[in-house]
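K.L.:
One structure, as C-alpha coordinates, below. Some questions next.
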Amino acid sequence: MSEQTDIFPMTFVVLDMEWNQPIPYIPSPVDPKELPGEIIEIGAVKLTVKSETEYILSSPFSILVRPTYYRIMNKQVSRVINRSTEDLKHGLPFETAYRSFCDWCGEDYILCAWGDSDISILRSNLKIHDMPVEMNERFLDIQPLFGRVSENTAQQRSVAYAVDFFRIPQTNDFHSADKDAYYEARILKETLIDYFAMSQKEEGQTLPQLRYFISNPNLTVQTRWKSRVCHSEKEAVAVAIQEKMCCPICEQPLETIIDWFTSGHTSLSLWQCPVHNSLSGKVRAKKTPSQEFYGSGQLRFVNGNAARYVREKWEEKLTKECEQECEQM
Ligand SMILES: [Zn+2]
(Lines give C-alpha, C1' and ligand atoms only; values in the text may rest on other atoms or scores of the structure.)
Protein backbone atom coordinates (compact mmCIF):
# COMPACT_ATOMS: atom_id res chain seq x y z
CA MET A 1 0.00 0.00 0.00
CA SER A 2 1.28 3.46 -0.75
CA GLU A 3 1.49 6.02 2.01
CA GLN A 4 -0.87 8.22 0.03
CA THR A 5 -4.01 6.08 0.21
CA ASP A 6 -5.58 8.26 2.91
CA ILE A 7 -6.08 10.97 0.30
CA PHE A 8 -9.01 9.25 -1.45
CA PRO A 9 -11.54 10.06 -2.67
CA MET A 10 -10.12 13.12 -4.40
CA THR A 11 -11.94 15.43 -6.74
CA PHE A 12 -10.07 17.43 -9.35
CA VAL A 13 -11.80 20.25 -11.17
CA VAL A 14 -9.96 20.81 -14.43
CA LEU A 15 -10.58 24.36 -15.56
CA ASP A 16 -9.94 25.74 -19.01
CA MET A 17 -10.94 29.17 -20.23
CA GLU A 18 -10.79 31.18 -23.40
CA TRP A 19 -10.24 34.92 -23.27
CA ASN A 20 -10.27 37.83 -25.67
CA GLN A 21 -7.39 40.28 -25.79
CA PRO A 22 -7.26 44.04 -26.30
CA ILE A 23 -6.59 45.32 -29.81
CA PRO A 24 -3.44 47.47 -29.84
CA TYR A 25 -4.80 50.27 -32.09
CA ILE A 26 -8.17 50.64 -30.35
CA PRO A 27 -8.10 52.71 -27.16
CA SER A 28 -8.76 50.27 -24.34
CA PRO A 29 -11.44 51.07 -21.73
CA VAL A 30 -9.17 49.52 -19.08
CA ASP A 31 -5.43 49.21 -18.58
CA PRO A 32 -4.39 46.07 -20.52
CA LYS A 33 -1.81 45.42 -17.80
CA GLU A 34 -4.66 45.05 -15.32
CA LEU A 35 -6.78 43.02 -17.73
CA PRO A 36 -4.50 41.17 -20.16
CA GLY A 37 -7.41 39.00 -21.25
CA GLU A 38 -11.16 39.06 -20.74
CA ILE A 39 -12.79 35.68 -20.22
CA ILE A 40 -15.31 34.72 -22.90
CA GLU A 41 -15.74 31.04 -22.13
CA ILE A 42 -15.41 28.83 -19.05
CA GLY A 43 -15.08 25.09 -19.48
CA ALA A 44 -14.39 22.43 -16.87
CA VAL A 45 -14.41 18.69 -16.28
CA LYS A 46 -14.41 16.95 -12.91
CA LEU A 47 -12.18 13.96 -12.31
CA THR A 48 -13.09 11.96 -9.23
CA VAL A 49 -10.45 9.52 -8.07
CA LYS A 50 -11.96 6.90 -5.76
CA SER A 51 -8.83 4.81 -5.49
CA GLU A 52 -5.56 4.40 -7.33
CA THR A 53 -7.39 2.51 -10.03
CA GLU A 54 -10.91 3.99 -10.04
CA TYR A 55 -11.43 7.20 -12.00
CA ILE A 56 -14.66 8.95 -12.93
CA LEU A 57 -14.85 11.77 -15.48
CA SER A 58 -17.86 14.09 -15.34
CA SER A 59 -19.64 15.49 -18.33
CA PRO A 60 -18.18 18.91 -19.20
CA PHE A 61 -19.28 22.20 -17.72
CA SER A 62 -19.46 24.85 -20.40
CA ILE A 63 -20.58 28.44 -20.36
CA LEU A 64 -20.13 31.40 -22.71
CA VAL A 65 -19.32 34.75 -21.16
CA ARG A 66 -20.30 38.09 -22.68
CA PRO A 67 -17.32 40.43 -22.36
CA THR A 68 -17.74 43.91 -20.86
CA TYR A 69 -14.46 45.51 -21.95
CA TYR A 70 -12.97 43.76 -24.98
CA ARG A 71 -16.06 43.41 -27.14
CA ILE A 72 -14.29 43.37 -30.48
CA MET A 73 -12.69 40.07 -31.28
CA ASN A 74 -8.90 40.21 -31.45
CA LYS A 75 -7.91 38.67 -34.82
CA GLN A 76 -5.07 36.59 -33.44
CA VAL A 77 -7.31 35.14 -30.73
CA SER A 78 -10.07 34.59 -33.27
CA ARG A 79 -7.74 32.55 -35.47
CA VAL A 80 -7.07 30.22 -32.55
CA ILE A 81 -10.52 29.82 -31.05
CA ASN A 82 -12.64 30.54 -34.11
CA ARG A 83 -15.09 33.07 -32.68
CA SER A 84 -16.25 36.37 -34.13
CA THR A 85 -17.19 39.76 -32.70
CA GLU A 86 -20.83 38.84 -33.35
CA ASP A 87 -20.40 35.71 -31.19
CA LEU A 88 -19.22 37.88 -28.29
CA LYS A 89 -22.67 39.46 -28.00
CA HIS A 90 -23.98 36.20 -26.61
CA GLY A 91 -23.33 34.63 -23.26
CA LEU A 92 -23.83 35.44 -19.61
CA PRO A 93 -22.28 38.32 -17.70
CA PHE A 94 -19.01 37.23 -16.09
CA GLU A 95 -20.35 37.46 -12.55
CA THR A 96 -23.26 35.09 -13.25
CA ALA A 97 -21.11 32.70 -15.26
CA TYR A 98 -18.41 32.49 -12.58
CA ARG A 99 -20.97 31.94 -9.81
CA SER A 100 -22.51 29.07 -11.72
CA PHE A 101 -19.03 27.59 -12.24
CA CYS A 102 -18.37 27.81 -8.47
CA ASP A 103 -21.72 26.13 -7.73
CA TRP A 104 -20.88 23.36 -10.18
CA CYS A 105 -17.48 22.81 -8.47
CA GLY A 106 -19.09 22.08 -5.11
CA GLU A 107 -16.80 21.77 -2.11
CA ASP A 108 -13.58 20.02 -1.26
CA TYR A 109 -11.79 19.77 -4.58
CA ILE A 110 -8.43 20.52 -6.12
CA LEU A 111 -8.57 23.14 -8.84
CA CYS A 112 -6.44 22.21 -11.86
CA ALA A 113 -5.35 23.83 -15.10
CA TRP A 114 -2.69 23.41 -17.75
CA GLY A 115 -0.09 26.06 -16.89
CA ASP A 116 -0.78 28.97 -14.58
CA SER A 117 -2.14 31.50 -17.05
CA ASP A 118 -5.82 30.52 -16.47
CA ILE A 119 -5.43 31.34 -12.79
CA SER A 120 -3.82 34.72 -13.37
CA ILE A 121 -6.40 35.66 -16.03
CA LEU A 122 -9.19 34.57 -13.68
CA ARG A 123 -7.71 36.72 -10.92
CA SER A 124 -7.55 39.81 -13.16
CA ASN A 125 -11.17 39.26 -14.26
CA LEU A 126 -12.39 38.90 -10.67
CA LYS A 127 -10.52 42.08 -9.75
CA ILE A 128 -11.91 44.15 -12.61
CA HIS A 129 -15.45 43.06 -11.69
CA ASP A 130 -14.86 43.99 -8.02
CA MET A 131 -15.39 40.39 -6.97
CA PRO A 132 -13.41 38.64 -4.20
CA VAL A 133 -10.20 37.32 -5.76
CA GLU A 134 -9.77 34.48 -3.26
CA MET A 135 -10.23 31.16 -5.01
CA ASN A 136 -9.98 27.51 -4.10
CA GLU A 137 -7.05 27.03 -1.71
CA ARG A 138 -5.60 24.06 -3.55
CA PHE A 139 -4.37 24.41 -7.11
CA LEU A 140 -2.56 21.84 -9.20
CA ASP A 141 -0.83 22.76 -12.43
CA ILE A 142 -1.12 19.60 -14.56
CA GLN A 143 1.73 20.58 -16.88
CA PRO A 144 4.68 20.13 -14.46
CA LEU A 145 3.09 17.01 -12.95
CA PHE A 146 2.83 15.51 -16.43
CA GLY A 147 6.44 16.49 -17.18
CA ARG A 148 7.80 15.03 -13.98
CA VAL A 149 5.83 11.77 -14.04
CA SER A 150 5.86 11.00 -17.75
CA GLU A 151 9.23 12.21 -18.92
CA ASN A 152 11.02 13.33 -15.76
CA THR A 153 11.55 16.74 -17.29
CA ALA A 154 10.81 20.33 -16.34
CA GLN A 155 10.31 21.18 -20.01
CA GLN A 156 6.95 22.75 -20.80
CA ARG A 157 4.78 20.65 -23.04
CA SER A 158 1.54 21.51 -24.81
CA VAL A 159 -1.81 19.83 -24.24
CA ALA A 160 -1.60 18.42 -27.79
CA TYR A 161 1.80 16.91 -26.98
CA ALA A 162 0.45 15.17 -23.86
CA VAL A 163 -2.62 13.94 -25.76
CA ASP A 164 -0.28 12.31 -28.29
CA PHE A 165 1.94 11.00 -25.53
CA PHE A 166 -0.92 9.04 -23.97
CA ARG A 167 -2.51 8.23 -27.35
CA ILE A 168 -5.78 9.76 -26.21
CA PRO A 169 -8.25 9.52 -29.11
CA GLN A 170 -8.92 12.94 -30.62
CA THR A 171 -12.52 13.46 -31.58
CA ASN A 172 -12.60 17.23 -31.26
CA ASP A 173 -10.43 20.13 -32.21
CA PHE A 174 -8.59 21.96 -29.48
CA HIS A 175 -9.37 25.48 -28.34
CA SER A 176 -12.88 25.35 -27.11
CA ALA A 177 -12.82 25.58 -23.32
CA ASP A 178 -14.90 22.51 -22.47
CA LYS A 179 -13.13 20.28 -25.00
CA ASP A 180 -9.68 21.41 -23.86
CA ALA A 181 -10.76 20.81 -20.24
CA TYR A 182 -11.85 17.31 -21.25
CA TYR A 183 -8.46 16.53 -22.84
CA GLU A 184 -6.63 17.99 -19.85
CA ALA A 185 -8.73 15.86 -17.47
CA ARG A 186 -7.88 12.77 -19.54
CA ILE A 187 -4.17 13.69 -19.37
CA LEU A 188 -4.47 14.20 -15.60
CA LYS A 189 -6.11 10.80 -15.26
CA GLU A 190 -3.37 9.02 -17.23
CA THR A 191 -0.67 10.94 -15.35
CA LEU A 192 -2.18 9.99 -11.97
CA ILE A 193 -2.43 6.33 -12.97
CA ASP A 194 1.31 6.40 -13.82
CA TYR A 195 2.07 8.46 -10.73
CA PHE A 196 0.43 6.01 -8.33
CA ALA A 197 1.95 3.03 -10.12
CA MET A 198 5.42 4.57 -9.92
CA SER A 199 5.16 5.72 -6.31
CA GLN A 200 4.15 2.21 -5.23
CA LYS A 201 7.42 0.81 -6.51
CA GLU A 202 10.01 0.52 -3.79
CA GLU A 203 13.02 1.21 -5.98
CA GLY A 204 13.62 3.37 -8.98
CA GLN A 205 13.14 7.09 -9.05
CA THR A 206 11.43 8.64 -6.09
CA LEU A 207 8.52 10.88 -6.94
CA PRO A 208 7.64 13.81 -4.72
CA GLN A 209 4.36 13.43 -2.87
CA LEU A 210 1.35 14.79 -4.71
CA ARG A 211 0.92 17.61 -2.22
CA TYR A 212 4.19 19.15 -3.42
CA PHE A 213 2.55 19.79 -6.77
CA ILE A 214 -0.36 21.56 -5.12
CA SER A 215 -0.08 25.21 -4.17
CA ASN A 216 -2.35 27.87 -2.76
CA PRO A 217 -3.16 30.33 -5.57
CA ASN A 218 -4.25 32.92 -3.02
CA LEU A 219 -0.73 33.34 -1.66
CA THR A 220 0.32 35.99 -4.11
CA VAL A 221 1.71 38.50 -1.67
CA GLN A 222 5.35 39.11 -2.18
CA THR A 223 8.03 41.19 -0.58
CA ARG A 224 10.27 43.48 -2.56
CA TRP A 225 13.19 45.43 -1.22
CA LYS A 226 16.10 47.60 -2.39
CA SER A 227 19.60 47.85 -0.98
CA ARG A 228 21.41 51.12 -0.42
CA VAL A 229 23.30 52.56 -3.40
CA CYS A 230 26.71 50.94 -3.89
CA HIS A 231 29.71 51.47 -6.19
CA SER A 232 29.70 48.01 -7.76
CA GLU A 233 27.18 45.40 -8.84
CA LYS A 234 28.84 42.86 -6.59
CA GLU A 235 28.57 45.05 -3.52
CA ALA A 236 24.92 45.88 -4.29
CA VAL A 237 24.03 42.19 -4.41
CA ALA A 238 26.08 41.43 -1.29
CA VAL A 239 24.19 44.13 0.62
CA ALA A 240 20.76 43.10 -0.71
CA ILE A 241 21.14 39.46 0.35
CA GLN A 242 21.83 40.57 3.94
CA GLU A 243 18.11 41.37 4.24
CA LYS A 244 16.35 39.31 6.93
CA MET A 245 13.84 36.96 5.27
CA CYS A 246 10.39 36.87 6.86
CA CYS A 247 7.15 35.36 5.57
CA PRO A 248 5.13 38.04 3.72
CA ILE A 249 1.96 36.70 5.38
CA CYS A 250 2.72 35.73 8.98
CA GLU A 251 6.01 37.68 9.24
CA GLN A 252 7.78 34.77 10.91
CA PRO A 253 11.51 34.42 10.20
CA LEU A 254 12.02 31.88 7.42
CA GLU A 255 14.06 28.73 7.56
CA THR A 256 16.84 28.60 4.95
CA ILE A 257 16.48 25.68 2.54
CA ILE A 258 19.10 26.85 0.02
CA ASP A 259 21.17 29.89 0.93
CA TRP A 260 21.86 32.66 -1.59
CA PHE A 261 23.93 31.58 -4.59
CA THR A 262 24.57 33.22 -7.95
CA SER A 263 23.14 31.90 -11.20
CA GLY A 264 24.09 34.09 -14.15
CA HIS A 265 23.25 37.68 -13.27
CA THR A 266 20.80 36.63 -10.56
CA SER A 267 21.17 35.49 -6.97
CA LEU A 268 18.66 32.88 -5.92
CA SER A 269 17.64 31.25 -2.64
CA LEU A 270 14.93 28.97 -1.24
CA TRP A 271 13.10 29.44 2.04
CA GLN A 272 10.43 27.78 4.09
CA CYS A 273 7.69 29.20 6.32
CA PRO A 274 6.41 26.54 8.75
CA VAL A 275 2.83 27.60 7.99
CA HIS A 276 2.83 28.93 4.43
CA ASN A 277 5.34 26.64 2.73
CA SER A 278 8.05 27.40 0.14
CA LEU A 279 9.29 30.78 -0.98
CA SER A 280 12.04 31.74 -3.36
CA GLY A 281 14.30 34.77 -3.12
CA LYS A 282 15.78 36.59 -6.09
CA VAL A 283 18.26 39.48 -6.11
CA ARG A 284 19.65 41.40 -9.08
CA ALA A 285 21.88 44.44 -9.33
CA LYS A 286 20.29 47.45 -10.99
CA LYS A 287 21.78 50.70 -12.22
CA THR A 288 20.86 54.07 -10.78
CA PRO A 289 20.62 57.13 -13.10
CA SER A 290 24.01 58.22 -11.72
CA GLN A 291 25.62 54.96 -12.95
CA GLU A 292 25.84 53.47 -9.49
CA PHE A 293 24.16 50.26 -8.36
CA TYR A 294 21.57 48.98 -5.96
CA GLY A 295 20.40 45.46 -5.23
CA SER A 296 16.75 44.74 -6.01
CA GLY A 297 15.23 41.80 -4.13
CA GLN A 298 12.02 39.83 -4.41
CA LEU A 299 10.65 37.13 -2.13
CA ARG A 300 7.62 35.19 -3.29
CA PHE A 301 5.69 31.96 -2.78
CA VAL A 302 6.54 29.15 -5.15
CA ASN A 303 4.91 25.88 -6.13
CA GLY A 304 6.82 22.62 -6.34
CA ASN A 305 7.90 23.22 -9.90
CA ALA A 306 9.33 26.68 -9.28
CA ALA A 307 11.07 25.42 -6.13
CA ARG A 308 12.62 22.63 -8.16
CA TYR A 309 13.91 25.21 -10.65
CA VAL A 310 15.91 26.90 -7.87
CA ARG A 311 17.14 23.51 -6.64
CA GLU A 312 18.28 22.53 -10.15
CA LYS A 313 20.13 25.83 -10.63
CA TRP A 314 21.84 25.25 -7.31
CA GLU A 315 22.83 21.71 -8.22
CA GLU A 316 24.15 22.92 -11.61
CA LYS A 317 26.32 25.41 -9.79
CA LEU A 318 27.63 22.80 -7.35
CA THR A 319 28.52 20.50 -10.24
CA LYS A 320 30.33 23.33 -12.05
CA GLU A 321 32.30 24.28 -8.94
CA CYS A 322 33.20 20.66 -8.39
CA GLU A 323 34.46 20.33 -11.95
CA GLN A 324 36.53 23.49 -11.63
CA GLU A 325 38.12 22.23 -8.42
CA CYS A 326 38.96 18.95 -10.09
CA GLU A 327 40.64 20.81 -12.98
CA GLN A 328 42.76 22.82 -10.57
CA MET A 329 43.99 19.73 -8.76
ZN1 LIG B 1 4.05 32.31 6.94
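The values are calculated or read from the model by the stated rules, or taken from the named source; none is laboratory data. What you are looking at is a predicted structure, and each value in this text was computed from that prediction instead of being measured. Every residue, glycine among them, receives a Cβ derived from its backbone with ideal geometry; neighbour counts consider all protein chains shown. To get the accessible areas, we keep the full protein, side chains included, count just its heavy atoms, and leave off ligands, DNA and RNA. Shrake-Rupley method; radii C 1.70, N 1.55, O 1.52, S 1.80 Å.
K.L.:
Picking from M329, L268, Y70, whose Cα lies most toward the positive end of the charge dipole for the chain (charges on Cβ: Lys, Arg +1; Asp, Glu -1)?
P.N.:
Selected residue: Y70.
K.L.:
May I ask for the net charge around G264, where only other residues with Cβ less than 11 Å from the Cβ of G264 are counted and Lys, Arg are +1 while Asp, Glu are -1?
P.N.:
Working: positive: R284, K313, K317; negative: E316.
That works out to +2.
K.L.:
Suppose every Lys and Arg Cβ carries +1 and every Asp and Glu Cβ carries -1, with no other charges. What dipole size does the chain come out with about its Cα centre, to the nearest 20 debye? Present the calculation step by step, with values, prior to reporting the outcome.
P.N.:
Values: 36 positive and 46 negative charges, 210 e Å.
Once rounded to the nearest 20, the dipole reads 1020 debye.
K.L.:
With only Lys, Arg, Asp and Glu charged, each at its Cβ (+1 for the first two, -1 for the last two), find how big the charge dipole of the range 222-328 is about the Cα centre; round to the nearest 20 debye. Before the final figure, lay out each step's value.
P.N.:
Values: 15 positive and 14 negative charges, 124 e Å.
Charge dipole of the range 222-328: 600 debye, to the nearest 20.
K.L.:
Now, a different point. With every protein chain left in place, what is the accessible area per residue of the chain in square angstrom, probe 1.4 Å?
P.N.:
Details: 18280 Å² over 329 residues.
I get 56 Å² per residue for this part.
K.L.:
Helix by helix through the chain, keep the DSSP H runs that span 18 Å or more along the axis on Cα and average at least -0.5 on Kyte-Doolittle, and give those back in order. It would help to have the intermediate numbers written out before the result.
P.N.:
Values: long enough: 177-200 (34 Å, -0.42); 304-328 (36 Å, -1.70).
Sorted by number, the helices that extend far enough and score high enough are 177-200.
K.L.:
Pick out, from F8, L111, N125, the residue whose Cα sits farthest towards the positive end of the charge dipole of the chain, with +1 on the Cβ of Lys and Arg and -1 on the Cβ of Asp and Glu.
P.N.:
My answer, from the dipole projection, is N125.
K.L.:
With a ≥ b ≥ c the root eigenvalues of the C-alpha gyration tensor of the range 222-328, is it rounded (a/c under 1.5), prolate (a/b larger than b/c) or oblate?
P.N.:
Values: a/c = 2.25, a/b = 1.03, b/c = 2.18.
Because a/c hits 1.5 or more and a/b fails to exceed b/c, the range 222-328 counts as oblate.
K.L.:
Rounded to the nearest 10 Å², what accessible area does I193 have for a 1.4 Å probe in the complete protein model?
P.N.:
Around 60 Å² of this residue is reachable by solvent.
K.L.:
Also, I was wondering about something else. Given the pairs K189/K320; K75/K286; K244/K317; K50/K201; K75/K179, which are separated by over 32 angstrom at their Cα positions?
P.N.:
On the way: K189/K320 39 Å; K75/K286 38 Å; K244/K317 24 Å; K50/K201 20 Å; K75/K179 21 Å.
Over 32 Å Cα-Cα: K189/K320; K75/K286.
K.L.:
Using the charge dipole of the range 222-328 (Lys, Arg: +1 at Cβ; Asp, Glu: -1 at Cβ; taken about the Cα centre), state which of S278, Q298, I258 has its Cα farthest towards the positive end.
P.N.:
Going by the charge dipole, the pick is Q298.
K.L.:
Moving on. When only Cα pairs under 8 Å and 6 or more residues apart are kept, what is the percent relative contact order across the range 159-259? Spell out each step's value before the answer.
P.N.:
Numbers: 38 pairs, mean separation 13.5, N = 101.
Taking the mean separation of contacting Cα pairs over the length of the range 159-259, I get 13 percent.
K.L.:
May I ask you to evaluate 6.51 cos²θ - 1.76 cosθ + 1.60, the Karplus curve with θ = phi - 60°, for each residue of the range 270-277 and list the ³J(HN,Hα) values in order in whole Hz, giving x for glycine and proline?
P.N.:
10, 10, 9, 9, x, 9, 9, 6
K.L.:
I'd like the GluC sites (Glu not before Pro) in the range 1-99 restricted to DSSP loop residues with at most 12 other Cβ atoms within 10 Å, sorted by number. Walk me through the numbers on the way to the answer.
P.N.:
Numbers: sites: E3, E18, E34, E38, E41, E52, E54, E86, E95; in loops: E3, E34, E52, E86.
Passing sites in the range 1-99 are E3, E34, E86.
K.L.:
In the range 118-191, which GluC sites (Glu not before Pro) fall in coil by DSSP and have 12 or fewer other Cβ atoms within 10 Å?
P.N.:
Working: sites: E134, E137, E151, E184, E190; in loops: E134, E137.
Answer in residue order: E134.
K.L.:
I'd like the accessible area for D108, computed on protein heavy atoms only with a 1.4 Å probe and all protein chains in place. Round to 10 Å², please.
P.N.:
Its accessible surface works out to 120 Å², give or take rounding.
K.L.:
Can you check what the net charge comes to around L92, using other residues whose Cβ is under 14 Å from the Cβ of L92 (Lys, Arg +1; Asp, Glu -1)?
P.N.:
-2
K.L.:
Next question. What does the net charge come to around S124 if you take all other residues with beta carbon closer than 12 Å to its beta carbon, with K and R at +1 and D and E at -1?
P.N.:
Values: positive: K33, R123, K127; negative: D31, E34, E38, D118.
In short, -1.
K.L.:
Taking a 1.4 Å probe, which of H90, H129 shows the most accessible area, and what order do the others take after it? Mind dumping the intermediate values first?
P.N.:
Details: H90 105, H129 40 Å².
Largest to smallest exposure gives the sequence H90, H129.
K.L.:
Please work out the Cα convex hull volume for the chain and give it in Å³ per residue. All intermediate terms of the calculation are to be shown ahead of the outcome.
P.N.:
Working: hull volume 62.9 nm³, N = 329.
In the chain, the Cα convex hull volume per residue is 191 Å³.
K.L.:
If you count only protein heavy atoms and use a 1.4 Å probe, how large is the accessible surface of H265, to the nearest 10 Å²?
P.N.:
150
K.L.:
I would also like to ask the following. So how far, in whole Å, is the C-alpha centre of the range 129-159 from the one of the range 217-296?
P.N.:
25
K.L.:
Do any GluC sites (Glu not before Pro) in the range 223-277 lie in a loop, going by DSSP, with at most 11 other beta-carbon atoms within 10 Å of their beta carbon, and if so which? The partial results should precede the final answer.
P.N.:
Working: sites: E233, E235, E243, E251, E255; in loops: E243, E251.
Those that pass, being in a loop and sparsely packed, are E251.
K.L.:
Still on this structure, I have one more. Of all the accessible heavy-atom surface of the range 222-328, with the other protein chains kept in place and a 1.4 Å probe, what percent is carbon and sulfur?
P.N.:
On the way: 3110 of 6650 Å².
Here it works out to 47 percent.
K.L.:
A follow-up question, please. How would C112, C326, C102 line up by accessible area, probe 1.4 Å, largest first?
P.N.:
Values: C112 0, C326 85, C102 50 Å².
Ranking C112, C326, C102 by accessible area, largest first, yields C326, C102, C112.
K.L.:
How far apart, in nanometres, would the label points at H231 and A197 be if each is projected 7 angstrom from Cα along the Cα-to-Cβ direction?
P.N.:
6.4
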